[in-house]
Amino acid sequence: MTAFGRGLTGACANCGGRGIFKGFGLKETCPTCGHRFEREQGYWLGSITINTAISFALFGVTFLAIALATWPDVPWTGMWIGLIVLMGVFPIIFHPISKAIWVGLDLAIRPVEPQTHETSVVNPNPPGDHS
């Protein structure tokens with residue numbers, strides 16, 4: 001689960017290198033090991049699914065927390081305005097992180113094959129990889 005853990009921390013899932021983010025997305029390749037993040041067409045559907053699931057969970061938890069904390073005088077208008085703003089901002093901010101998580105999850109499930117390293121990784125044995 002090292003690859004997934006690296007993805008959770010926003011590091012390259014292949015080598016653990018930093019500096020993989022560019023604006024609100026990932027760079028095309030890792031600056032440390034050269035791993036190409038988008039492994040196939042439609043690859044980012046998984047990261048969009050992660051982003052959507054986490055956003056909906058955050059919405060539900062926030063809604064319940066506010067409603068339960070202020071019951072029976074729930075500030076409905078203020079809560080809805082806050083939730084709409086949160087749901088407009090959070091997915092954008094979380095987008096690059098969800099991509100890093102997806103790359104980590106994908107590499108944990110489907111490690112890079114040596115015969116495909118030409119298309120997915122510039123250096124199949126990143127620095128610090130002793131396997």
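Numbers at a glance
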| item | result |
| --- | --- |
| Full-extension gain in nm, Trp71 to Lys27, via 0.36 nm per residue minus C-alpha separation | 11.3 nm |
| Residues Ser98, Ser55, Ser47, sorted so that the one with the fewest Cβ neighbours within 10 Å comes first | Ser55, Ser98, Ser47 |
| Label-point separation, Trp80 to Phe63 (7 Å along Cα→Cβ), nm | 1.2 |
| Segment 2-120, Rg to Rh (Cα coordinates; Rh as Kirkwood inverse mean 1/r) | 1.13 |
| Sequence-separation-based contact order of segment 1-91, relative, with Cα cut under 8 Å and 6+ spacing, percent | 15 |
| Efficiency of FRET between Thr52 and Arg110 - r from beta-carbon atoms, R0 25 angstrom, step 0.05 | 0.70 |
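Values quoted throughout were computed directly from the atomic coordinates according to the rules given, and no laboratory measurement underlies them. Because the structure is predicted, anything quoted here is derived from the model rather than measured. Cβ coordinates were reconstructed from backbone atoms using ideal geometry, including for glycine residues, and neighbour counts include every protein chain displayed.
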